[in-house]
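Since the structure comes first, as structure tokens, the remarks are kept for the end.
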Amino acid sequence: MALPANLPPWFKKAFPTGLKNWFGRLLICVIGRILRIIVRFWKSFRIPGTRLVVVTGFDLVQEVFSRWDAFPVPHDSKTDALRWEPPFLLSRRDLNDEYVAMRGNTREIFAEGLMEDLSAISLQAFQARLPSAGVDGADFDLMWDYTYPAFLQIIRNFYGLNLPEDEDTETGFVCALLVISGFFFGKAHRAEAPQHVLQAYRYARNIIEVRVEHWKTNTGAQGAMARAVAKNALGVDDLTSYFLGMTLGFVPTSGNAHGRIFDTLFKRTDAMEWARRYVGGADDDRALDAELLSVLHESLRMNYILPGLWRTAPQSARLGRGLDVEREIRAGDTLLASTMAGMYDPARHDEPRQFRPDRSYWGYLNFGHQMHYCVGWDMANTIMLESFRPLIRRNFIRKPHTRSKWRGEFPWVIKAHLPGN
């Protein structure tokens, strides 16, 4: 799998190149820097003359994520706009019996207790993507030569979803997930999905639906697919929705996180030095994984995947009630809950600009909080460790005279170099 040369038209529409991409990236970077400064002085503020409230304080961001009725996750309107039926786990409309059953099915199908299997499968997938360094070393792209191909192999071997292995379909599938993910993390509510997003959704859904239909009528399914097929009560539409939801929650967000951690390790020598202390003596030496994971989480805190998440208040509410930072929220107000700024809040973190992997786990919002918490957090941590441990052990560095390239908020090309033997 390589950097796609011919991108689908619907991807180009979602992520334009040239000046549009440059100005978009500039805007995202500037907003992130401003929010990380503002949080020192204001934990929330209303943009004058607008209905937009920006929430930057750590405790207030957690409150927004905790109060489902006052600040609901907008995924339901997004799934409606895509005509995604049945809706997937994160688009829960309320905590009813249907949601509880959906959550139970998902946990059973993806078997959270099988982390040892996932560790072995992930390590094998990433090792297979490492180039042979030889005497002179080797250059490769961390995203398209390493991360995304390994992710797809994990989907095949752990999920049991036998994706096509031709490069055009592989890259098309990844690109489709990036487009859909950008739609879900974009504006708070959308009555209609843009045509290019609908095209990306249909492309990804069709690939998964074909595989689900195959295993529903054949024997020999493996991994999560085998557990899914065993639940005879679940039809093709249900299983397609589950698997599309899990791949959508995995590939774009984990790929984004991987790219940003790569960038932090390359830019900060202190981060890379910390990481190299905790990789052990072999690729499968997991004795120091807790310490290594702390380094990776701190790297992501310093370069989070997006400025914040959007909410729309269906009714009037008070944010921060009883605190010095209380804020009146009016019905119809749009909120930007800035996870990025929250993790730089000096009220929660001493010296937030310093790289300190010894920070408390409870000071991170990398996986969200409460009603908006990543359902696959333990899978994401496992895969992250198996990805970074082999690279760090081999003393990988940024390829000299190169810089990371981006498409919107997503890392696109990050060239790395493995030193020679």
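Name every residue in region 263-281 that is part of a loop (DSSP other than H, G, I, E, B) and touching a residue at least 12 places away in the same chain (Cβ under 8 Å), in order of residue number.
The first filter runs over region 263-281 and keeps only residues part of a loop (DSSP other than H, G, I, E, B), leaving 268, 277-281.
Matches in region 263-281: Arg268, Arg277, Tyr278, Val279, Gly280.
Restricting to region 61-102, count the residues that are of a type in the set (D, E, K, R), closer than 16 Å to His372 by Cβ and modelled with pLDDT under 75. Break it down into steps so the answer makes sense when it comes.
Let us first name the residues in region 61-102 that are of a type in the set (D, E, K, R), namely 63, 67, 69, 76, 78, 80, 83, 85, 92-94, 97-98.
With the extra rule that they be closer than 16 Å to His372 by Cβ, the set shrinks to 63, 67, 69, 76, 78, 92-94.
Still in the running and modelled with pLDDT under 75: 92-94.
Residues meeting the conditions: 3.
Looking at region 15-45, which of its residues are surrounded by 16 or more Cβ atoms within 10 Å (Cβ to Cβ) and not aromatic (Phe, Trp, Tyr)?
Those that are surrounded by 16 or more Cβ atoms within 10 Å (Cβ to Cβ) and not aromatic (Phe, Trp, Tyr): Asn21, Gly24, Ile31, Gly32, Leu35, Arg36, Ile38, Val39, Lys43, Ser44.
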Looking at (1) at pLDDT 90 or above; (2) farther than 27 Å from Val229 by Cα, which one does Gly280 not meet, given that it meets all the others?
(1)
Can you pull out every residue in region 323-365 that is among the polar types (S, T, N, Q), surrounded by fewer than 21 Cβ atoms within 10 Å (Cβ to Cβ) and either closer than 16 Å to Asn303 by Cβ or free of Cβ contacts under 8 Å to residues at least 24 places away in the same chain (or both)?
Gln354, Ser360
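Does Lys78 fit the bill of being in a helix (DSSP H, G or I), closer than 23 Å to Thr334 by Cβ and either within 21 Å of the chain's Cα centre (by Cα) or touching a residue at least 40 places away in the same chain (Cβ under 8 Å) (or both)?
On the way: in a helix (DSSP H, G or I): yes; closer than 23 Å to Thr334 by Cβ: yes; either within 21 Å of the chain's Cα centre (by Cα) or touching a residue at least 40 places away in the same chain (Cβ under 8 Å) (or both): yes.
In short, yes.
This table checks each residue for (1) of a type in the set (A, V, I, L, M); (2) farther than 19 Å from Ser66 by Cα; (3) assigned to a loop (DSSP other than H, G, I, E, B); (4) touching a Ser or Thr at 6+ places or on another chain (Cβ under 7 Å).
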site	(1), (2), (3), (4)
His258	no, yes, no, yes
Asn303	no, yes, yes, yes
Leu323	yes, no, yes, no
Leu336	yes, no, no, no
Phe355	no, yes, yes, no
On the given criteria, is Val73 surrounded by 12 or more Cβ atoms within 10 Å (Cβ to Cβ), within 23 Å of the chain's Cα centre (by Cα), within 12 Å of Leu336 (Cβ to Cβ) and in contact (Cβ under 8 Å) with a residue 40 or more places away in the chain?
no
Would you check if Leu239 is of a type outside the set (Ser, Thr, Tyr), surrounded by 14 or more Cβ atoms within 10 Å (Cβ to Cβ) and not in a helix (DSSP H, G or I)?
no
Return the total of residues in region 22-51 being closer than 22 Å to Pro346 by Cβ, assigned to a loop (DSSP other than H, G, I, E, B) and of a type in the set (A, V, I, L, M, F, W, C).
3
Within region 135-153, identify whether any single residue is within 15 Å of His417 (Cα to Cα), out of contact with any strand residue (DSSP E or B) (no Cβ under 6 Å at 6 or more places or on another chain) and assigned to a loop (DSSP other than H, G, I, E, B), and answer yes or no.
yes
Residue pairs, Cβ under 7 Å, 6 or more apart or interchain, first in region 380-406 and farther than 18 Å from Ala271 by Cα, second among the β-branched types (Val, Ile, Thr). List them.
Ile383/Ile154; Lys405/Val413
Determine whether Phe183 is closer than 30 Å to Leu336 by Cα, within 21 Å of the chain's Cα centre (by Cα) and in contact (Cβ under 8 Å) with a residue 60 or more places away in the chain.
yes
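Can you tell me which of Leu248, Leu293 is part of a helix (DSSP H, G or I), surrounded by fewer than 20 Cβ atoms within 10 Å (Cβ to Cβ) and among the aliphatic types (A, V, I, L, M)? So that I can check it myself, show each step before the final result.
Working: Leu248 fails: surrounded by fewer than 20 Cβ atoms within 10 Å (Cβ to Cβ).
Only one candidate passes the filter, namely Leu293.
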Sole exception among (1) in contact (Cβ under 8 Å) with a residue 12 or more places away in the chain; (2) outside any helix (DSSP H, G or I) for Glu165, by number
(1)
Within region 193-236, considering residues that are at pLDDT 85 or above and of a type in the set (D, E, K, R), the one surrounded by the fewest Cβ atoms within 10 Å (Cβ to Cβ)
Glu213
How many residues of region 127-161 are surrounded by 16 or more Cβ atoms within 10 Å (Cβ to Cβ) and closer than 22 Å to Gly223 by Cα? The answer is 16
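Within region 243-250, is there a residue that is touching a Lys or Arg at 6+ places or on another chain (Cβ under 9 Å) and farther than 16 Å from Leu7 by Cβ? Before the answer, list the steps.
Filtering region 243-250 down to residues touching a Lys or Arg at 6+ places or on another chain (Cβ under 9 Å) leaves 243-244.
From what's left, farther than 16 Å from Leu7 by Cβ: 243-244.
Looking for residues that are touching a Lys or Arg at 6+ places or on another chain (Cβ under 9 Å) and farther than 16 Å from Leu7 by Cβ, one finds at least one in region 243-250, hence yes.
The values are calculated or read from the model by the stated rules, or taken from the named source; none is laboratory data. In this text, all values refer to a predicted model and were calculated from it rather than measured experimentally. Heads up, the Cβs are rebuilt from the backbone with ideal geometry, glycines too, and the neighbour counts pull from every protein chain shown.
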